[in-house]
Amino acid sequence: MIVAQLMHFSQKFDRWFSMKKTEKRKTGLIHCQNRHLWKAGVFSFFSLFTLLFTARSARAEDTNVEAEVRALQQQNAILEQQLEKQNQSIETLSKKVQELETSNTGHENAMAQNAPPAAAGYNLGNVNISGEGGVAFFKTGSQGFSPNSNFRVDEARLFVEAPIWKEVYFHGEADLVTRENNNLNVQTGELYLDAQDLSDLWGRDGQLNLRAGRMYFPFGEEYLTRYAIDNPLLSHSISDLWGYGTGLEAYGTLSKFNYAVAVQEASGVNGLQDFNGDEEVTGRIGFKPNKHWDFSVSATRTGNLSAQNDMVSALWFGNTLFESLGGPGTTVFNVKLVEGDITARWSRWSGGYVHAFGGYGHYDDNDPAVNNGRDFFYYAVEGVQNLPKKFYVATRFSQAFSDKGLPLVGFGNYNDFGFPTLSTDLWRWSLGIGYRFSDQLLLKTEYSFESGRDLNGQFRNNENFFGTEAAFKF
């Protein structure tokens, strides 16, 4: 468009120059005027040349701009393709992460179920020192373990953890105070070496880990939340199966399954050795299909224990240790147990869960005078619902029973309900409320109803429990 205007201007200038030339000839001044007109023509020519050069430069610049725009459009198309590929990659990774979470979360099963308390304490070089405990107020009925209102240190434990070599770690626990210990003597809890990820030898993480030392019997799941900071209530179930034994334990995960298998000493006398070569064998298999559900099945046998030397097993049941129920001629006794656990979790309404379990056991001995073999059963259902502002409510109902009777102490006074007193039935209903200041400080209050019947048919009605506790860890 600029070039056309310049051509039009040139044509008009030529016509004007011709007309002026004719007029000047007529006046006789043509020579003088030609000089001026020549200067004007030269000026016009250079002006026209300048305008044409500017126009060509403008067109060249326009062409460069168009080329740059096209290049930017091409780059933008390439970036959009790359972004689409990245989005597809992110979506693929997200699906893989969800699959991993589905197969590995939960208690966060085999690893979490068998792991020591989280190392949240103080580091001295490679050594980590942490602790847990609880201070409480207890009150029971007249036949309970605390008929007189009293303040007490309910728990106090110290943990030491340290790496030893590569994936081998040390874990030690000192029990300063426990509810089951009626004095202030320090006792040894768990103490073991943990060789993790042995399955790296065949290129798999977490499939095989091995422990050697003194460990919990990996039976059931309630023992995993016995410590005050982990337990939403102050009490445990009526059965409350737990105990320590020295030996070997293998554990790990296989896809959505997890397992733990242990061979341990079962004597409850000193916790170091038993007086019979028949060891306790325990196994648990768990299945976690997704983040909402957990299933597990456990089994154990104490093996034959010496009635005269071992006297009691290291396995607790009903707030007392399994022991020989036979007469003077009894030399060995044993207990077999099987249990199933199921947990359902939800995230709506601030989150919560329901955990239920049930089990069957059989006691036997070689009393020559009488058949002391007996079956017993137990179960529990526990529910927790989180509330706004860090509050929660919790409840648990549990029961144990046996036709021939077992020592079931529960909240009762041991002198009244320990062996040789036998109970055919004992149940407990606990109601509690708590407030979580943080993961390291918990305040909770509970009231529990407890009742049952002994082997003579007499009711147990004065064991109800009230308590409040501040649980902590560091």
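The values are calculated or read from the model by the stated rules, or taken from the named source; none is laboratory data. Remember, predicted model here, so these are calculated numbers, not experimental data. All Cβ positions, even for glycine, are placed from backbone atoms using ideal geometry, and neighbour counts span all protein chains on display. These accessible areas exclude ligands, DNA and RNA; they are computed on the full protein's heavy atoms, side chains included. Shrake-Rupley method; radii C 1.70, N 1.55, O 1.52, S 1.80 Å.
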Q) Over segment 337-474, what percent of the accessible surface lies on carbon and sulfur atoms, probe 1.4 Å? A) 61 percent
**Q.** Whether segment 197-276 is rounded, prolate or oblate, judged on the alpha carbon gyration tensor where a/c under 1.5 counts as rounded
**A.** oblate
Q | Members of Lys256/Lys390; Lys291/Lys389; Lys288/Lys473; Lys444/Lys473 lying beyond 26 Å, as alpha-carbon distances in this model show | A | Lys256/Lys390; Lys288/Lys473
Q) Could you give me the ³J(HN,Hα) list for segment 213-224, computed from phi with Karplus coefficients 6.51, -1.76, 1.60 and θ = phi - 60°, whole Hz, x at Gly and Pro? A) x, 9, 9, 4, 5, x, 10, x, 10, 5, 4, 5
**Q.** Under Karplus coefficients 6.51, -1.76 and 1.60, residue-wise ³J(HN,Hα) of segment 259-265 in Hz, glycine/proline x
**A.** 8, 8, 9, 9, 10, 9, 5
**Q.** Selection from Leu241, Leu321, Phe287 lying farthest towards where the dipole of segment 229-374 points positive, charges on Cβ
**A.** Phe287
**Q.** Over segment 267-422, equivalent-ellipsoid semi-axes from the Cα gyration tensor in Å
**A.** 36, 18, 14
Q. Computed over the Cα atoms of segment 385-434, what is the ratio Rg over Rh, Rh following Kirkwood?
A. 1.22
Q) Under the Karplus relation 6.51 cos²θ - 1.76 cosθ + 1.60, θ = phi - 60°, what is the ordered set of whole-Hz ³J(HN,Hα) values for segment 446-452, x standing for Gly and Pro? A) 9, 10, 10, 9, 9, 7, x
(Q) Just to be sure I understand the model, the point goes 7 Å from the Cα along the line to the Cβ. What's the resulting Leu198 to Val168 distance in nm? (A) 1.2 nm
Q. If we restrict to alpha carbons, what Rg and Dmax does segment 289-375 come to, in Å?
A. 18.3, 59
Q: Just report the Cα centroid separation between segment 378-395 and segment 235-278, whole Å.
A: 28 Å
**Q.** Long-range amide H partners of Trp242 with built H, under 5 Å
**A.** Trp316
Q. What Rg and what Dmax come out for segment 128-203 when only alpha-carbon atoms are used, in angstroms?
A. 18.5, 61
(Q) Ranking request for peptides 385-393, 226-234, 312-320: highest mean number of other beta-carbon atoms within 10 Å first, then the rest in descending order. (A) 312-320, 226-234, 385-393
Q) In what sequence, highest mean first, do 413-422, 235-244 appear when ranked by Cβ atoms within 10 angstrom? A) 235-244, 413-422
Q: Search the structure for amide H atoms under 5 Å from the amide H of Asp154, placed 1.01 Å from N in the peptide plane, and list their residues when 5 or more places away or on another chain.
A: Gly134, Val135, Ala136
Q) Can you list residues whose amide H is under 5 Å from Gly268's amide H, if they're 5+ apart or on another chain and H is modeled 1.01 Å from N? A) Val312, Ser313, Ala314
Q | Cα principal axis extents for segment 146-301, largest first, Å | A | 59, 37, 33
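State in Å² the accessible area per residue of segment 246-338; use a 1.4 Å probe, count heavy atoms of protein chains only, and round to the nearest integer.
On a per-residue basis, segment 246-338 sits at 40 Å².
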